[in-house]
Protein chains: 2
Amino acid sequence: MRIVVIGSVAAGTSAAAKARRNDESAEIVIYEKDRDISYSGCGLPYYIGGVVKERAKLTPRDEAFFKQRYNIDVFTGHSVADIDTASKTLSIVNMATGEQFEDRYDKLLIATGAHPIMPPIPGIDKPNVFPLRNVAHADAINEFIQQKQPRHAVIIGGGFIGLEMAENLVHRGIAVDLADMAPQVMTPLDPDMAIYVQQYLERNGVKLYLGHAVEELLGDEEVDTVRLAGGIEIETDMVIMAIGIRPEVELAKRAGIALGPTGAIAVDTRMQTNVPDIYAAGDCAEAFSVINGKPLYRPLGSTANKMGRIAGDQMTGGDLEFRGILGTGIFKTFDMAVAQTGLSEKEAKAQGYDVVVCHNIKYDHADYYPDSAEMVIKAVADKTTHKILGAQIVGPRGVDKRIDVFVTAITFGAKAEDLFHLDLAYAPPFSTAKDPVMYTGMILEGILKRQRPLMTPDQLIQRQMAGEPVTIIDTREPEMYEKGHIEGAVNIPLEDLRSEAGKLDKNIPVVTYCNRGVTGNAAQNLLLQMGFKEVYNLSGGYNNYKVQRKRC
Amino acid sequence: MRIVVIGSVAAGTSAAAKARRNDESAEIVIYEKDRDISYSGCGLPYYIGGVVKERAKLTPRDEAFFKQRYNIDVFTGHSVADIDTASKTLSIVNMATGEQFEDRYDKLLIATGAHPIMPPIPGIDKPNVFPLRNVAHADAINEFIQQKQPRHAVIIGGGFIGLEMAENLVHRGIAVDLADMAPQVMTPLDPDMAIYVQQYLERNGVKLYLGHAVEELLGDEEVDTVRLAGGIEIETDMVIMAIGIRPEVELAKRAGIALGPTGAIAVDTRMQTNVPDIYAAGDCAEAFSVINGKPLYRPLGSTANKMGRIAGDQMTGGDLEFRGILGTGIFKTFDMAVAQTGLSEKEAKAQGYDVVVCHNIKYDHADYYPDSAEMVIKAVADKTTHKILGAQIVGPRGVDKRIDVFVTAITFGAKAEDLFHLDLAYAPPFSTAKDPVMYTGMILEGILKRQRPLMTPDQLIQRQMAGEPVTIIDTREPEMYEKGHIEGAVNIPLEDLRSEAGKLDKNIPVVTYCNRGVTGNAAQNLLLQMGFKEVYNLSGGYNNYKVQRKRC
């Protein structure tokens, strides 16, 4: 059996290695149009930032490695021009010599990856405008920085690459402005979580231009000015294009292979395309949601690895099947970790879910143990089934742990009320006696099962703007209230509430709040038991409100 | 309704607060025989080590706090002498005045906690022998250190408290010897995982005397020498008794409340004892295993909190029920984190499970990103159901995250083959493209479903000692082999194995190995496909074998 793989980054090499592990006798060949193989695309920003010192660390494997270890033939600098699915042949171009030749396959894997989106903006072809997708791109950026010593960069796009590059360019001593046509960074996040990232970027000196499309890259030889919609002009020395990536599907389309609704190659759970014996995996292939089976395109190295392994298993008679993804993502920008999994509030609503949400601000570990820090968790649950649909977390520490607990819980269909019962590991350096994930479950359970509704800052601000009646009670001590409070709030510290609440109108909706929500919840409990009809605790408390008010 | 709670640390205060949240009108009273309430017992070692500077941080709440916030009356220095379950009355002693009085309850919660085991060793009552269970104990240790400036301590007991104290006393400049009558530290760990902790303690200057019971504490006024079984005498300036704790059940027993097989108070899932309207929670109460429902006594703050909350809910008409624990534990000793959840190999076997195990050595995050470090994961799965039964992890970073993913997976009944499919969060600072948890699942799946058995170092050593035939193949490069290898192993680097394997006897069992197991697995695949009958990959590779050989 002859297995041919097109593409040699995460999915292609995973597939080939798995195929070999399963089948010692198969012929396995990989064609790769670039020079570098099996590299870590996710490490590129850190190579540019100087955090990863050696280029070789990102490209630890070469053709010889695959030959020696796996008896796999890798041909770099070879482009597959066409697939003849009827005769199961490929026409291939040796890009160095121009030589064309044919090869045949019994099983073919398309792992052609994705390419950075480079929209037809005037000036985008100038030499100081860089995408960042592969090692050659990183080399080009590094060379430019070394030769030209730029002092300023504009990053176009506030996704993973854009935000990781912001940190890494600042590390190299380059001032960064970041523009995105979206009104927020990181569109997988809800706006009320993205705002935390935006605030943090600004505190680290990154100037943001959100809701501003790029109109033109001005300059003679090189770009010296970026013009954004709204007439904003930014002088700069270099531009990083990080708008996003598109699946590389041209070869597949020409061969009659069907694409899915996301524009990536449609595959079944065995990674098979609509054409017999042709598989697709990695950033060129479409995934689906673990939660509801809907098509999902969230190209990431972790998913590419997974799909590749499954394809390699299937091509050699295995039974491994793809179970979908949650669209989990994480990144670090400066010292802040930002992670999300499953559905955001906006995604869940767009897909027709009736949702409840909460913002939970908690320390990552015991507050008396050094270096504890607050994280903000936003969780979304389904009002009907109580299932957790998604979580978003921002904070300097312990974010990766909590998102992975959510990932695991959601994968197994956890309901809000299940989270409290998890026997998570507690010791002061690692967590709190009740972990932030457990608290999140408790808050959601309060909404779903115990008539303890939350009001989000967005909802409160809307209500205020609409002039709807609401009694807002600041339950903190007077000193805190004096330092800053919600407009129109009355200050009744919790310890006075038992005696003072009688003076309030029980038929007007009440919103209680403290700094983060715990005392607000105690006040809510008290008022509901005293006969108040409609009492909300403010989601995430005043600390969250302060942040959201700037946005709304 | 009058709710009385006996005990005010984790479970008692959680219960009282939850009861108040549910029921504004109940009378809620707590009796506590000590002075400190609602303190973090888990933080005490760090207070002694000076990591936590302020005592007040460990005891953030006092009687006034509970009165103001929750309208709960806390009486410290009050001991409950007896419970009359027929008349629902308590006889109480004010320990300061000696005054005795009665109280009555509608619902009673026993949250009396546990006390340190102080065996009747001669000399144990000397003033420089310290348990560490509560704030008063910590004060006594601190005072002694400040006044006497001890230069050496013996810690008796290698559990959580013993190992956390080892680190913290060393931080205070005190040399530490640690003795345990068990042949290993941390008995919830298997010996082949405890050895990693032991090695690490020794590297940090802690001298271990394992398998040595304490026979006598010698000295005039104070202990100056600890005598262990086997005639070992250790000169010292102070002794920490950290053998373990026992549930405080005397009051309950006297009142006719039934104990469970572990000796702690038996409760149902609503935390009810056998006596109507009497509940128990926290370190005095018995838990059960999430995995198989068997009684389990693993007293920890996290569980006490959980049980307390459930009891508080139930006493006020709620429906929260206890779902059991996995016996999850984590601790830090120096810079090493050690965690375990579910069943160890020895526990699982003792309970009749037919198990498979693996040792998985992996980096916590991308090896090219700074500060990555190896962790060792041992996982245990049920051969029949494929369910993960337990995991043990040792390493300097990312251990808490992986154990919590295992906790969540095991709670939801995850099978070995489920772990690979988790869409865990990947970016170079946080993980590897396939997370160590996923790799663990892949290895176990290989054993369970793909005929890729492992042999543990223990099994190999036993086989060698028994003189049973086995071909051991070191698949590493000759330079590595020369530096150290398993006795009797032949060196056939993987790249030569395809050509060299023909010379070996296919009917003799083969064990392949590399440093950590990945190349060993590739060799195993190859040999099995070449017709070798019985091929094992060495679990955890040579790196694990090296460590285990010292033990076996």
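The values are calculated or read from the model by the stated rules, or taken from the named source; none is laboratory data. Here the structure is a predicted model, which means the values were calculated and not measured. All Cβ positions, glycine included, derive from the backbone under ideal geometry; neighbour counts span all protein chains shown. Please note that ligands, DNA and RNA were not included when accessible areas were found on the heavy atoms of the full protein model with its side chains. Shrake-Rupley method; radii C 1.70, N 1.55, O 1.52, S 1.80 Å.
Here are a few things to note about the model shown:
- Accessible-area value, B:L108, 1.4 Å probe, nucleic acids and ligands omitted, Å²: 0 Å²
- DSSP bridge analysis restricted to chain A gives an antiparallel fraction near 55%, rounded to the nearest 5.
- Reachable aspartates and glutamates from A:K415, criterion Cα separation under 13 angstrom, eight or more residues apart if same chain: A:D382, A:E445
- For B:E216, the residues whose modelled amide H falls within less than 5 Å of its own, excluding neighbours fewer than 5 places apart on the same chain, are B:R227.
- Average projection area in nm² (convex hull over Cα atoms of region B:400-497, one quarter of hull surface): 9.3 nm²
- With every protein chain in place, region A:129-243: carbon and sulfur % of accessible area (1.4 Å): 46 percent
- Inter-part distance where region B:197-221 and region A:88-126 are each reduced to a Cα centre, Å: 65 Å
- The DSSP beta bridges internal to region A:369-510 are antiparallel in roughly 70% of cases.
- Summing +1 for each Lys or Arg and -1 for each Asp or Glu among the other residues whose beta-carbon sits under 15 angstrom from that of B:D505 gives 0.
- Cross-link pairs beyond the 25 Å C-alpha cut-off, checked among A:K53/B:K434; B:K362/B:K546; B:K306/B:K346; A:K18/A:K57; A:K294/A:K362; A:K362/A:K401: B:K306/B:K346; A:K294/A:K362
- Along region B:375-392 the Karplus relation, 6.51 cos²θ - 1.76 cosθ + 1.60 evaluated at θ = phi - 60°, assigns HN-Hα couplings of 10, 10, 10, 10, 10, 10, 10, 7, 4, 7, 9, 6, 5, 6, 9, x, 8, 10 Hz to successive residues, with x for each Gly and Pro.
- Karplus 3J(HN,Hα) series, Hz, for region B:43-51 with 6.51 cos²θ - 1.76 cosθ + 1.60 (x for Gly, Pro): x, 4, x, 6, 5, 5, x, x, 6
- Each Lys or Arg adds one and each Asp or Glu subtracts one; over the other residues with Cβ under 14 Å from the Cβ of B:V51, this totals -1.
- Helix-only CD estimate at 222 nm, as mean residue ellipticity for chain B, using -39500 (n - 2.57) per DSSP H run (n ≥ 4): -9000 deg cm²/dmol
- Across chain A, the relative contact order, built from alpha-carbon pairs under 8 Å that are at least six residues apart, equals 11 percent.
- Cα centroid separation, region A:15-51 to region A:262-301 (Å): 19 Å
- Net charge over other residues, Cβ less than 13 angstrom from the Cβ of A:E32 (K, R count +1; D, E count -1): -3
- Ordering A:H359, B:H137 by accessible surface, largest first, gives B:H137, A:H359; the 1.4 Å probe counts only protein heavy atoms, with every chain in place.
- Per residue of peptide B:487-495, the mean number of Cβ atoms on other chains within 10 Å of the residue Cβ is 1.
- Distances from B:F101 to itself in the other copies, using label points 7 Å out along the Cα-Cβ axis, amount to 9.8 nm in increasing order.
- Sequence-distant lysines (8 or more away, or on other chains) whose Cα lies within less than 27 Å of A:K126: A:K33, A:K148, A:K207
- Extent of region B:129-243 along its three principal axes (Cα atoms, max minus min coordinate, largest first): 40, 30, 24 Å.
- Scanning residues 5 or more positions from B:I245 or on other chains, those with amide H under 5 Å from its amide H are B:I117, with H placed 1.01 Å from N in the peptide plane.
- Here, P(r) means the percent of Cα pairs in each 10 Å bin from 0 to the largest distance; for region B:335-449 it is 16, 49, 28, 6, 0.
- Taking 25 °C and 0.890 mPa s as conditions, the protein assembly as shown diffuses translationally at an estimated 77 µm²/s according to Stokes-Einstein applied to its Kirkwood radius (Cα pairs).
- Remark: accessible area buried at the B-A interface is about 7700 Å², both chains counted, probe radius 1.4 Å.
- Per residue, region B:335-449 exposes 25 Å² of solvent-accessible protein surface, assessed with a 1.4 angstrom probe and all protein chains in place.
- Accessible-area rank, largest first, for A:M480, A:M465, A:M315: A:M465, A:M480, A:M315, with all protein chains present and a 1.4 angstrom probe.
- For chain B, the fraction of alpha-carbon pairs in successive 20 Å shells from zero, as %: 20, 47, 28, 6, 0
- Inter-copy label distances at A:D82, using a point 7 Å along Cα-to-Cβ, come to 10.0 nm with the shortest given first.
- Listed by chain and number, the aspartates and glutamates whose C-alpha is less than 15 Å from the C-alpha of A:K506, apart from same-chain residues fewer than 8 away, are A:E534.
- Measuring nothing but protein heavy atoms, the accessible surface of region B:1-105 at 1.4 Å probe radius is 47 percent carbon and sulfur.
- Among beta bridges that DSSP assigns inside the protein assembly as shown, antiparallel share in %, nearest 5: 55 percent
- For A:S25, the accessible surface of its heavy atoms amounts to roughly 100 Å² (probe 1.4 Å, protein chains only, rounded to the nearest 10).
- Label-point spacing for B:M1 across the identical copies (point 7 Å from Cα in the Cβ direction), in nm and ascending order: 6.5.
- Sorted largest first by accessible area at a 1.4 angstrom probe radius, with every protein chain in place, the residues A:R549, B:R463 fall in the order A:R549, B:R463.
- Net charge dipole size for region A:129-243 [Lys, Arg +1 and Asp, Glu -1 on Cβ; Debye, nearest 20]: 320 debye
- Under 5 Å from the amide H of A:V355 lie the amide H atoms of A:K383, each residue being 5 or more positions distant or on a separate chain, with H modelled from the backbone and absent for Pro and chain starts.
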